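What follows is a short report on a single structure.
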Ligand code: FPP
């Protein structure tokens, strides 16, 4: 298996999205609390950002809290929010040193004030950095993102006539332009750790053509080799976007 560092940079996925699953199971296996699992998961996140940057990845998005995670026990929700609010200020100096920029996806207005404050500071302090984007997905849901884009589209017209005309001519590209993802590349590689094989409402729009990669490794135990293996697997795939293999290889008409 070749390592991601040996691969030509143009082959490396620009945007890697990660469903960081298995914190709870990892903790249980170690006789620890679920919250300790999340804590170790957050530490792993820090390493993965560095490994991804070293491999040439430009954006990593991380499913840190979904719109459905509000259904978890209150204690776990508060624990996750507190963990984020305490870890982020500690991470900012490292992110600045590593030239990493933090972006946020999801409706963060519903997060507790202390989490919003930590996020705002981290985004502001790293806004000019250019080596890698770390996109924290918080209170994020792919279905909700599409619904919000539809509402935004609908509300962007002055009158019903214009709206009806635009609606009749609506294309995926037009709706996508209302998602507020201008700074974000389409997801190339979507990794889920922890053994489950589903997308769980993450990046639904991009999942149309993202390459999916599932691994049994629980998130806190994820290693640099695991990431390199996922990237090497991605590089070995042929992305056809509806075309034939011959078209992609340039031996048939466009
Ligand atoms: C899924 O594992 C994990 C989450 C719902 C939360 C992920 C959050 C972190 C890794 C911490 C984020 C921290 C910062 C600083 C942004 P699970 O709890 O569903 O695991 P299980 O399936 O084994 O129970």
Among the residues in segment 120-130, are any at pLDDT 95 or above, under 18 Å from residue 180 (Cβ atoms), away from the ligand (no atom under 13 Å from the Cβ) and outside any helix (DSSP H, G or I)?
yes
Which condition number does residue 68 fail, the rest of (1) touching a residue at least 60 places away in the same chain (Cβ under 8 Å); (2) in contact with a strand residue (DSSP E or B) (Cβ under 8 Å, 6 or more places away or on another chain); (3) within 13 Å of the ligand (Cβ to nearest atom) being met?
(2)
If you go through segment 202-230 one residue at a time, how many are touching a residue at least 40 places away in the same chain (Cβ under 8 Å) and either at positive phi or touching a strand residue (DSSP E or B) at 6+ places or on another chain (Cβ under 7 Å) (or both)?
6
I'd like to know if segment 205-214 contains one or more residues that are surrounded by 15 or more Cβ atoms within 10 Å (Cβ to Cβ), within 20 Å of residue 49 (Cβ to Cβ) and within 16 Å of the ligand (Cβ to nearest atom).
no
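In this structure, does residue 37 turn out to be within 11 Å of the ligand (Cβ to nearest atom), touching a helix residue (DSSP H, G or I) at 6+ places or on another chain (Cβ under 6 Å) and touching a residue at least 12 places away in the same chain (Cβ under 8 Å)?
yes
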Test each condition in (1) free of Cβ contacts under 8 Å to residues at least 60 places away in the same chain; (2) within 11 Å of the ligand (Cβ to nearest atom) for residue 138 and report the one that comes out false.
(1)
Restricting to segment 159-187, and then to whatever is in contact with a helix residue (DSSP H, G or I) (Cβ under 7 Å, 6 or more places away or on another chain) and touching a residue at least 40 places away in the same chain (Cβ under 8 Å), can you tell me which residue is surrounded by the most Cβ atoms within 10 Å (Cβ to Cβ)?
187
Residue 59 fails exactly one of (1) modelled with pLDDT of 95 or more; (2) more than 12 Å from the ligand (Cβ to nearest atom); (3) surrounded by fewer than 20 Cβ atoms within 10 Å (Cβ to Cβ), namely (3)
Could you figure out which of (1) within 28 Å of residue 34 (Cα to Cα); (2) in contact (Cβ under 8 Å) with a residue 24 or more places away in the chain isn't true of residue 90?
(2)
Restricting attention to segment 19-34, and to residues there that are in contact with a helix residue (DSSP H, G or I) (Cβ under 7 Å, 6 or more places away or on another chain) and more than 7 Å from the ligand (Cβ to nearest atom), which single residue is farthest from residue 207 (Cα to Cα)?
33
Search result, residues across segment 22-53 that are surrounded by fewer than 19 Cβ atoms within 10 Å (Cβ to Cβ) and either touching a strand residue (DSSP E or B) at 6+ places or on another chain (Cβ under 6 Å) or on the phi > 0 side of the Ramachandran plot (or both)
31, 53
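The values are calculated or read from the model by the stated rules, or taken from the named source; none is laboratory data. Since the structure is predicted, the reported quantities are computational estimates derived from the model, not experimental observations. Note that each Cβ is placed from the backbone with ideal geometry, even for glycine, and that neighbours are counted across all protein chains shown.
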